Structures are given as C-alpha cells and as structure tokens.
Amino acid sequence: MTVPATAAGRWASLWGLAIVPLLLLGAVLAYLVATGGGLKTLQGPPVEQLKVSRVTLPERGVIQVHLVNDGPQTVTVPQVMVDDAFWSFTAQPAGPIPRLGRATLTIPYPWVDGEAHKVALLTSLGTVFEAEIPVATLTPQPGRDLFVRFGLVGLYVGVVPVVLGMLWFPWMRRLSARAMNFILALTVGLLVYLAVGTYLDAQEFAAALPAFWQGTPAVLLIALLTLGVLLALGGKRQPEEAPLGLSYRIATGIGLHNLGEGLAIGAAFALGEAALGTFLILGFTLHNITEGLGIVAPVVRQKPRFIQFALLALIAGGPAILGTWLGGFAFNPVLATIFLAVGVGAIVQVVWEVGRLVARNTAALGAPLVGWSTLGGFTVGVALMYFTAFFVKF
C-alpha cells in the first residue's frame, strides 16, 4: 500500500512545482493592473485605436462600416461624418466598443453610384479614423446567378490554364533525360517565384489586420510550422509513391497560391473596380498556364490515369473558385492570411522535394548539381513567372 501513496505524492509534488510559478505570476499581474506598475501618475491620455475591417454598401442609400477595436481600452464613437458632413447612424451592438470587440455602423446616406466617398469616425476623445469608398457600388449579395458567374471566373483563372499547361504532358514524355531534368529545374524556378509571391501577398493581407493579430510575424510562423509538419510527414512516405505524390503536393501548393488570386479578383468586383477585376482575370489566366507544366513534370516517366490528371487540375485550380466566392461575398483578411501563409510553407516544402529529385537525376547523368542545364532551367522558370506577372501587377 505504500507504493501507490508514494507515486501519488510524486505526482502531487510534480504538479505543485509546475503550478506555483503560475500562481506567483498571477499575483504579479494583479498588482500591475491595480497599481499601474506604480506609475499611474505618469500615465498620459487614453489611447484609442480602431480598425475599419470593411465598408459595404448593402443597399441603395445605406453605408455599413465594420469596426474592430484593436486598442488597449474601450472606444466610443458618438459622431460620424460622410463627405465632410455629420450624419446620423446606428451601431450594432450599441454603446462603447470593448477591447477586441466588433461593431457595425449603419449610415443612411444617399451615396452616388460610381463616385468616391469618404467616411470619418469621431471618437469621444476627438480621435478621427477614416475609411474610403473608392468606387460606390452595391456590395455583391449571395445569389444563384452571381454565385455561378463568380464560380465561372474562378474556373477560367484557376482550372482552365492549369489544364492547358498539363496538355504539354505528351510532348514532355518524348524528351530526353537531360531535357526532363531541365524541365524539373524549371519547375523549381516556378515554385520559388510562387513562394515569394505568396509570401508577399500574405504580408499584404496581414498588414490590413488589427494589430493584436500580429499579422507580419504570424505569416512567417505559420509558414515555418506548415513546412515542419510537411517535412515530418514526408519522412513516412514510401519511395515508390514519390512521383505521383510529388505532383499532388505541387498541385496543393499551387492551389493555395491560386486561392489568393481568387480573393483578389472577388474583392476587386466587390469594391466596384470591375475594370481592375477584368484586368486581373486576363493576367492571372496567362500567368497560370505554366503551372500545369510544373505539376505533371514529376510523372512524365509514369502512366497516370485520366482521373488523376483531373484531380491534379482540380486541386491546383479549384481554390481559385473558392477564393473568388470568398473575396466577392465575404472577404475575411484573417482567413486569407492564414491560407496564404500555409501556402508558403507548402510551396517551400515542394521546392525542397523537387530540388532533391533534380539532384538525384543530375547525379545519375554524371553532371554537377549547379550546371548550365539546371541553372538555365531555374532561370527560365523564374523568368516565365516574372514576365507574365507584368499583366497582373499595377
């Protein structure tokens, strides 16, 4: 009977040692909150901070401003100005906005279709937070017709160019081993460009997040965590499954990148910038055709079934459809940042695996890893993505 008591005593002692520092930390934090660290007399005026997450125009004559309080204390918005004139409004929920709280201000204002408008929010302490409507137009509402049209846009941008790029598969099967190694090095260049572009897109969305999300470091941390998880899982795969599995992983990384492209297109149309949205559709369609080549490159010496080609195209291009829906109907910068950060990690992991494949093929050919063939393929891959991106950068 003494052994269980001894074991129980050890567990109690172990947890006691773990909990005591936490209890002491709680006491210190309570003291700091109560006394302000002994520096309450030096405190300045309260700090107010609001983040306008989105401005929507749900119907004619109505403006809705969606707010997040990312400051250290409660904020009250008693007055609103639209185009330099004070205007009545209602808030939901009413009253002060607590820290990390959200509110939606509904302003009955006769906005003019196609014109720009400026909204200014005045807090109880006189701080002014502004939001701009670049082109006033009704915010798209979920409906069957628009849902189908946005879905078709995503199909044109994501799935169609990937399928067209995959049609190079029969031609690639006739290439020599050296030529195929060039294509694989080209694939590495494509993926490196996509990794850099996806990271920058994620940082752009992260910059629009409230400060408490810590968007900039979060992107890097999520990408590194994704990379680590995928590398850990990769160690358990069977070697004979590598070619087709690698193609699926390339398609997944590209799909997460294409999700960001769909978000950009949908958001452009939601903001009334139809010309920009059309410009992005044309540019991304051209930009994405090279992705299909990179997806099928690892399986050139294999004989995949038609259903596998269809799944690869859907995995790589389908997220563009989802992104267009989200960007047009319910854009969420938090989810956009997370998805793109995961995409960065996934693409970097695929770069690692394709790079290893290039290294093995190069060794089998008796050539140096960094030679004119591999360096040329990498450069061509980056150049293809860089110059086709001229059609989508502005």
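The values are calculated or read from the model by the stated rules, or taken from the named source; none is laboratory data. No experiment lies behind these values; they were computed from the predicted model shown. Here the Cβ is made from the backbone with ideal geometry for all residues, glycine too, and neighbour counts use every protein chain on show.
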Assuming Thr226 fulfils every condition listed in (1) surrounded by fewer than 23 Cβ atoms within 10 Å (Cβ to Cβ); (2) under 24 Å from Val52 (Cα atoms); (3) in contact with a Gly (Cβ under 7 Å, 6 or more places away or on another chain) apart from one, which condition is it?
-> (2)
Where Ala336 falls short, out of the listed (1) within 10 Å of Gly260 (Cα to Cα); (2) modelled with pLDDT of 85 or more | (2)
Is it true that some residue in region 89-106 is under 16 Å from Pro58 (Cα atoms), touching a Lys or Arg at 6+ places or on another chain (Cβ under 9 Å) and surrounded by 14 or more Cβ atoms within 10 Å (Cβ to Cβ)?
-> no
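Conditions tested, residue by residue: (1) free of Cβ contacts under 8 Å to residues at least 60 places away in the same chain; (2) among the charged types (D, E, K, R); (3) part of a helix (DSSP H, G or I); (4) assigned by TED's automatic domain parsing to the domain that holds Val153.
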| site | (1), (2), (3), (4) |
| --- | --- |
| Gln302 | yes, no, no, yes |
| Ala310 | yes, no, yes, yes |
| Ile338 | no, no, yes, yes |
| Val342 | no, no, yes, yes |
| Leu357 | no, no, yes, yes |
| Pro368 | yes, no, no, yes |
Only strands (runs of 3 or more DSSP E) wholly contained in region 47-151 count here; list those with 3 or more residues that are in contact with a strand residue (DSSP E or B) (Cβ under 6 Å, 6 or more places away or on another chain).
-> 51-56, 62-68, 79-82, 90-92, 102-108, 117-122, 128-133
How many residues does region 38-75 hold that are loosely packed, with under 11 Cβ neighbours inside 10 Å and modelled with pLDDT under 80?
-> 8
Among (1) surrounded by fewer than 22 Cβ atoms within 10 Å (Cβ to Cβ); (2) over 26 Å from the mean Cα position of the chain (by Cα), the one test that Leu311 misses | (2)
Please give the number of the condition Trp171 fails out of (1) farther than 30 Å from Gln73 by Cβ; (2) without any contact (Cβ under 8 Å) to a residue 24 or more places away in the chain; (3) in contact with a helix residue (DSSP H, G or I) (Cβ under 9 Å, 6 or more places away or on another chain).
-> (3)
Is region 180-196 home to any residue that is more than 26 Å from Thr388 (Cα to Cα), assigned to a helix (DSSP H, G or I) and either among the small types (Gly, Ala, Ser) or more than 21 Å from the chain's Cα centre (by Cα) (or both)?
-> no
Among the numbered conditions (1) closer than 30 Å to Ile97 by Cα; (2) surrounded by 19 or more Cβ atoms within 10 Å (Cβ to Cβ); (3) modelled with pLDDT of 85 or more, tell me where Glu132 comes up short.
-> (2)
List the pairs whose first member sits in region 57-77 and is more than 28 Å from Val135 (Cα to Cα), whose second member is among the charged types (D, E, K, R), and whose Cβ atoms are under 7 Å apart, counting only residues at least 6 apart or on separate chains?
-> Gly71/Glu48; Gly71/Arg99; Pro72/Arg99; Gln73/Arg99; Thr74/Arg99; Val75/Glu48
